[in-house]
Structures are given as structure tokens and as C-alpha cells.
Amino acid sequence: MAVMLALGLWGLDRGGMWGDESVTFQVAQRTVPQIWRLLHDVDAVHGLYYLLMHAVLTVHPDEVVLRLPSVCAATATAGLVAALGVRLAGPRVGLWAGLLYAITPMTGHYAQEGRSYALVAAGAAAATLLLVKAVEGAGRRTWWPYGAVVAVTCVLHELAVLVLCAHAATLALMRVPRRVWSRWGRAAGAAVALLLPLVWVSQGQSGQVAWLVEPGWDRVERLARNVVPGRTGVVFWVSLLLMAAGLRQRRLAAVAAPLLLVPPAILLTVSQARPLYHDRYVLYALAGASLLVAAGAGRVAGALGRVRFDGRRMRVGGRQARALLGVTGALALTAAFLHQLPVHRQDRAAAHRPDNLAVVSALAVRQMRPSDPVLFVPSVGRLAALAYPKGFRRVRDIALRESAPRSGTLWGREATPAELRRRLASVDRVWVVAETSVLDPRWSPPDPVERAKLAVLADDFTVREEHTRDGVVLRLHVRRSPAGVPADPAGVPPGSATTARLPDRPGRPRGRRRPARR
């Protein structure tokens, strides 16, 4: 837990939020009635998390504070994974499993993100530990804490319900008696019953995951490299061999293997018909991989610990061999961490996330004048102004009809196409905030308001300035001079553009900014 806490706090202040984090940030700062109104139309699946973050950000609204609950959740998960290992295979396996979970880059990635996935992973690990305790205790009272933790975890994110399928497989592999199945069924059924209203509401909001695509084998390989320590090279293949050896530890394998395999397999299969898969939705499967690798290492260490070596000058066996294996294990974990250190460093850079809204705000501060009109293309780009209002405080949002909190939406309601045309007809210059991909002439948005924005800009305005950074474009559009009217007083002929490009950061993923995801 100490290692996980240190890694979680390392580089926590990246200097900017990306789109999904900004949604958490601005929604959590609304009043409870405003959050409740929002959940009726969008993001119901994140409702409990938003209410939790509302309480957290009341203390201090800051992007570091925004990520602290995820850091704490990942720290708790590392301890829970270690406790599972201790209970199922002994202290050495528990220690190694917890450390492996802590040093895996995928763990650190979501430990530093202001979304609910690290909390869901903590809930799944806690539920799994309570399941093991309940099976061993075989008492009725031990099942209700399990059911309560599963229910809260599933309300944090409904796809966490797949952990129940993993637990069912665990009970089957353990060959538990009928009374255990009965008690588990009642606890699991109560959790599912509590989840059903959320499922019903979220089905009406399924358009939020329309950006997901049917996963192929490349996604399976990516998941494997994310959850198995090492990701690439010798460390990755050694980890796979140790996982195979860990399967021989039957008691631990009955818990870890279903946790690792069942939820991703179900979600990948369902996604062939209806795409729902993303690695973060099955983050809790990572605990199963850490347990299996540690169990395999424990079996190898146990076999070597029983070997005695007699030589002319030294005799190694028993206690000395176990001490030597302990040192070897520590060195192996250190080597695994150093092997993955470049990935950890890269992940702590703001450029490694899909976008950096702080950059957009900084550009606005430098380039826009007071009272300048600004147009967001598409409207989701307004998240930058909601997350970092300082950069847009002096300008006016020419398309906005009703603010996000008052409208019960994520980024506000915009004017109708006709009203937008009238507003743009009254200005001679307008700043446009967009991503490079959406300014492609071949892009035809389905939203009539977005089509109206592009049509008016193309017909009535020309580009005067352009500033680009991290895939975000800030353009100054000026009205075209009518026929017979000379160039503007600045001496720039109509249709020309003065372009000031700032260097892009390396490794910045391209593409249209996606709406807030489920």
C-alpha cells in the first residue's frame, strides 16, 4: 500500500485535465438538485460517483484533489490484493501480489484519473475477499457485507456486475455445497435488484457509448499486455510462465483465474453484437493477474527452498535458502518496476491523455480580447471553458443559449440554427475553438446546429489567424468584404490567413474529441 500510494502521488499534478476528468470536475461542483437533474438525461451510470466527488470538491475544487479519491482507492486495492494472496497462499505470495498490482502501469494510470474506475476496482477486490471469507466461514451473517459491497460497486459502474459471474465461476471451481450457493444467490440477487433501476435508466442513455467499436484480437492483445506485469520483453513472457505455474495453486487459481478471465471474456463477446468493451471497464481483472503471477513465483520459490546445495566451502539450505529467495524476489520486483519505468513516466505527462483542456484555456488568455465572440465546434469543446473558465471569462459564447448547470446538460444548450445565423450576422470577427479533424471540409456533422456553424463560417468569414497546439485549433475568423470593398484597415487582403503555429507535443493522439464517456 505504501508503494502504491507513492506511485499514485508521483506526478499527480499533470498541469491539466482531459475531457472526461473535466466532466467530473464541473458536474461535481453543481448543487445536488442540479446533479440529480443531469442524471435523468445523461451519465446516470456515474451518478453515485458524482455525488461522492461533490462532497470531495466541496473541501477544495482542484484537479489534484479531484484525483485523490482514485489514488486512495488504488492504495486500498493493493492492500486487498495482498490480503487475498495471504489468505489463499500465504504471506510471501500476498506480499508479491500486492506489490505486482502496485507497480503495474495500468494501475497507476487509473489511480491518477478523476473517474470512478479505481474505486470500482477497489470494490471488486473487497467483494472478492469477502466472498472467500464467507465461503470459509460458512455463516449466514458473513454474506450480507459481501452483498452490500457488490451493490455499491455496481452502482458506481453498472458493468462491475460482471464480477458476480467471476464469483459464480469461483464457487463452481471450489465445489462448494448447496447451502453456500443459496446464500450467495440471495446476496447477489439483492445487489442485482438494487442495480436494475439504474440499468433501466442508463439504457435510455446508451448513445454515450456510441463511439465504441467492435473489439478485435488487437484489443485482446492490448488487454493482456496491460494486465500482465512487464507489457513487453522478457519480463512479460516470464510473467506469463509464472501465471501458468500459478494455476497449479488450485485454491488461489479458483479465485484469481475467473476474476482475470470471465469479465473481459463476457464483455468482449457481448461487444461483438453491441460494442461496450473498453479496458477500463474491466480494470478489476488486473487483480487476478497479479495473484496468479505471485502464486507462480511462490511455487518456484517453494521448490527452490527445498533444495539443499552442499559444496566444499558452503552449505545452503532451509532458512538460508528462504532468505536468499526473499532477496531474489525483491530484486525481481525491482527489475520489473525499472523495466516499466518509462511507461510510468510517459503516463504522468499531460500529453499522454486524449487532450489537455488547460492548453486551450491558455491559448484563449493569450489571443482573445475582451468581449470577443467565441464559437465552439463542436459544442463539446465548451468543456474547456467549463473546466478552466479563467481563459474565457472576458469573451462571450455566441452560440450558448442556456448554461450547462441550468440546462441540466454536460456542456449547455445552444441556439437554434436560425438564431445562430442571426447572432453571427451581427459580428465582424469570431474566434473558433475546434480540433483539427472537425475543420476538415469533408466532415459533415449530424447535428443541424453544428452544420450551421460550419456553413456560416465557410460562406461569410475567412481565416485571419490560426494558433495550433496539441491538436486544438484556435482560429480568428473575420467577415468577408463585400464586392468592391477594399481590404480591411490592417492591410490584410480578404481570404488571406496569418498563421502562428505552436509546436505540437510528441505522442499526442489525434482525432475528434469524444463526448464524455460512460
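What to note about this one:
- Among the residues of the stretch 412-460, those that are among the hydrophobic types (A, V, I, L, M, F, W, C) and within 31 Å of the chain's Cα centre (by Cα) comprise 432, 433, 434, 438, 439, 443, 449.
- Residues in the stretch 14-50 that are within 24 Å of residue 281 (Cα to Cα) and surrounded by fewer than 16 Cβ atoms within 10 Å (Cβ to Cβ): 36, 40, 41.
- Of the strands (runs of 3 or more DSSP E) lying entirely inside the stretch 397-469, those containing at least 3 residues that are surrounded by 15 or more Cβ atoms within 10 Å (Cβ to Cβ) and either of a type in the set (Phe, Trp, Tyr) or touching a helix residue (DSSP H, G or I) at 6+ places or on another chain (Cβ under 9 Å) (or both) span 429-435, 461-469.
- Residue in the stretch 90-104 that is over 14 Å from the mean Cα position of the chain (by Cα) and on the phi > 0 side of the Ramachandran plot present: yes
- Options 280, 322, 251; residue that is modelled with pLDDT under 90, of a type outside the set (Gly, Ala, Ser) and either over 26 Å from residue 88 (Cα atoms) or part of a helix (DSSP H, G or I) (or both): 322
- Residue within the stretch 176-187 that is out of contact with any strand residue (DSSP E or B) (no Cβ under 6 Å at 6 or more places or on another chain), in the same structural domain as residue 120 (by TED's automatic domain parsing), without any contact (Cβ under 8 Å) to a residue 24 or more places away in the chain and among the basic types (Lys, Arg) present: yes
- Unmet requirement for residue 142, which otherwise passes all of (1) over 26 Å from residue 294 (Cα atoms); (2) surrounded by fewer than 22 Cβ atoms within 10 Å (Cβ to Cβ); (3) in contact (Cβ under 8 Å) with a residue 40 or more places away in the chain: (3)
The values are calculated or read from the model by the stated rules, or taken from the named source; none is laboratory data. Being a predicted model, the structure only gives us computed values, none of them experimental. Using ideal geometry, Cβ is built from the backbone for each residue, glycine included, and neighbour counts are taken over all protein chains shown.
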